[in-house]
Amino acid sequence: MSDNIKTEIKRINGYLKEITTFLDSSGRPISQVINPIMTELKPRDILQIFIGTMIFGAPLCYTEEVWNLSLNMSLLQTIQLNFFGSFLLSLFIYLNFYRYRLKGNIVNYLKRVLAVYAICFTTIGIYLSLLGKLPVGEIYICFNRITLIGIPSLFSAAISDMLK
């Protein structure tokens with residue numbers, strides 16, 4: 001069966017693609033399937049991460065419950081939420097982007113995880129600031145609010161990053 005399938009990686013329109021060619025018994029191509037290989041972080045990906053963050057994060061920025069909850073959270077809870085979110089995000093990105101391609105792409109993997117995290121939290125911080133709900137003088141509350149909104153937004157950002 002593997003003799004009837006030929007797989008190669010090519011760059012098409014600036015993006016890496018995996019081209020799988022199905023061959024008949026004589027070795028002639030029958031059909032091809034082209035799938036994106038999402039191991040590189042391109043400007044399009046950064047925009048998708050930003051939009052994905054806003055899809056889920058913007059509505060949460062308006063809720064008074066989040067504002068009040070951020071006042072009562074302990075530092076330990078905030079740190080635990082960040083560790084939990086970063087673990088799940090790292091696992092999600094690994095399983096959906098790098099599962100079979102981590103070798104040789106560890107730097108790109110780390111870059112994507114950090115980019116999703118940084119873009120998401122920066123976007124939420126800017127949006128809360130524009131709404132006047134990010135008390136800059138109170139770093140602890142800022143950190144709590146960004147974490148409360150940013151952790152769930154990480155996953156909408158990562159999911160939108162998957163769309164190609």
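Read-outs: derived from the displayed coordinates by stated rules, not from any lab. The structure presented is a predicted model; accordingly, all values stated were derived computationally and were not measured. No Cβ is skipped: glycine too gets one built from the backbone with ideal geometry, and neighbour counts run over all protein chains shown.
What FRET efficiency do you get for residue 5 and residue 44 if R0 is 41 Å and r is their Cβ-Cβ distance, rounded to the nearest 0.05?
Using R0 = 41 Å, I get an efficiency of 0.90.
Counting other Cβ atoms within 10 Å of each Cβ, which trypsin sites (Lys or Arg not before Pro) in region 100-131 have at most 11 and sit in a DSSP loop?
Within region 100-131, the qualifying trypsin sites (Lys or Arg not before Pro) (loop, at most 11 other Cβ atoms within 10 Å) are 103.
What are the ³J(HN,Hα) values, in whole Hz, obtained from phi via the Karplus relation 6.51 cos²θ - 1.76 cosθ + 1.60 with θ = phi - 60°, for each residue of region 23-39 in sequence order, with x given for Gly and Pro?
10, 7, 5, 8, x, 8, x, 9, 7, 10, 10, 10, 10, x, 9, 9, 9
Given only helices, namely DSSP H runs of n ≥ 4 each adding -39500 (n - 2.57), what is the per-residue ellipticity at 222 nm of the chain, to the nearest 500 deg cm²/dmol?
Values: 5 runs with 97 residues, N = 164.
Here the helix-only value at 222 nm equals -20500 deg cm²/dmol.
For a quick check: with amide H placed at 1.01 Å from N, whose amide H comes under 5 Å from residue 23's, ignoring anything fewer than 5 positions away on the same chain?
5, 6, 30
Specify the inter-centroid distance of region 9-82 and region 96-143, based on alpha-carbon positions, in whole Å.
When both Cα centres are located, 13 Å separates them.
If you place +1 on the Cβ of every Lys and Arg, -1 on the Cβ of every Asp and Glu, and leave all else neutral, what size is the dipole of region 19-69 about its Cα centre, to the nearest 20 Debye?
Here the size comes out at about 320 debye.
Let me know the Kirkwood hydrodynamic radius for region 1-103, please, with Cα pairs as the basis and the value in Å to one decimal.
Result for region 1-103, one decimal place: 17.9 Å.
Do any chymotrypsin sites (Phe, Trp or Tyr not before Pro) in region 61-164 lie in a DSSP loop with no more than 10 other beta carbon atoms within 10 Å, and if so, which?
Values: sites: 62, 67, 83, 84, 87, 92, 94, 97, 98, 100, 109, 117, 121, 127, 140, 143, 155; in loops: 62, 100.
For chymotrypsin sites (Phe, Trp or Tyr not before Pro) across region 61-164 that sit outside H, G, I, E and B with at most 10 neighbouring Cβ atoms in 10 Å, the list reads 100.
With point charges of +1 on the Cβ of Lys and Arg and -1 on the Cβ of Asp and Glu, referenced to the Cα centre of the chain, which listed residue (105, 58, 27) lies farthest in the positive direction of the dipole?
The listed residue farthest towards the positive side: 27.
Would you please calculate the Kirkwood hydrodynamic radius of region 60-164 over all C-alpha pairs and express it in Å, rounded to one decimal?
Numbers: mean 1/r = 0.0687 Å⁻¹.
Its Kirkwood hydrodynamic radius stands at 14.5 Å.
Determine the dipole magnitude for the chain: charges of +1 sit on the beta-carbon of Lys and Arg, -1 on that of Asp and Glu, nothing else is charged, the reference point is the Cα centre, and the result goes in debye to the nearest 20.
Here the size comes out at about 560 debye.
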